[in-house]
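Written out below as structure tokens is the structure these notes cover.
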């Protein structure tokens, strides 16, 4: 079974005569690490919003983790989103909470007990290399560390898929690679990773499958690919 399946998916917005995405088809296997590239406005963000069900397609079929989006009821969307972790360029951490509390919050809102939280959060912080920083506040961390807190929060519920939307966009090269190495580690644990990036160096050194989106269409889909802006 494919982890992500899109079949001739089109998305148009009322105010724009051009389709944001036009009849795109792609599939991603479980445990795969896929990079999505393309210039601003190419359709990458729309693709991610369709996968997290922030947007509905105008036409076509989407199946994620065995869930057929055509049959998805609104009340089932929170359950879907537990299967999909999302990391953004701007971290979106809660500034008044510590590292531990930021990650724990994702478990509190789904009703996990304090005992389970106290068992789970340190293990995830260890995976992202933040052991010993549990009591720090976000403003006491570097940008790379803040992004790793955001990744820990996104994966603490053990999602099947992690979407990382330009996660290194605000980071210097060293911290960017720290974040990429964490994503690779999470992928090795069995999570499917979908990474969007503008960083040519990252794409070319990772040597992963690269899907290129241009003007709402997939113009290339190659394994072990390099990418030139």
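Read-outs: derived from the displayed coordinates by stated rules, not from any lab. Being a predicted model, the structure only gives us computed values, none of them experimental.
What to note about this one:
- Crossing angle, helix 114-127 versus the chain [Cα axis fit, 0-90 degrees, rounded to tens]: 70 degrees
- Computed with the Debye formula from one identical point scatterer per Cα of segment 14-148, without solvent, the log10 of I(q)/I(0) at q = 0.09, 0.15, 0.17 Å⁻¹ comes to -0.38, -0.95, -1.11.
- Along each principal axis, Cα extent of segment 132-229, largest first, Å: 46, 28, 23
- Gaussian network model of the chain, springs between alpha carbon atoms under 10 Å - residue of 109, 24, 151 with greatest fluctuation: 109
- When both bridge partners sit in the chain, DSSP labels roughly 50% of those beta bridges antiparallel.
- For segment 73-229, the relative contact order comes to 24 percent (Cα pairs under 8 Å, sequence separation of at least 6).
- Value of [θ]222 nm, deg cm²/dmol, for the chain, DSSP H segments ≥ 4, -39500 (n - 2.57) each, nearest 500: -9500 deg cm²/dmol
- For segment 105-188, convex hull of alpha carbons as volume per residue, Å³: 101 Å³
- Summarised as an ellipsoid, segment 80-124 has semi-axes of 18, 15, 9 Å, derived from the eigenvalues of the Cα gyration tensor scaled by 5 and square-rooted, with the largest first.
- Note on the chain: Cα-only Rg and Dmax are 17.6, 53 Å.
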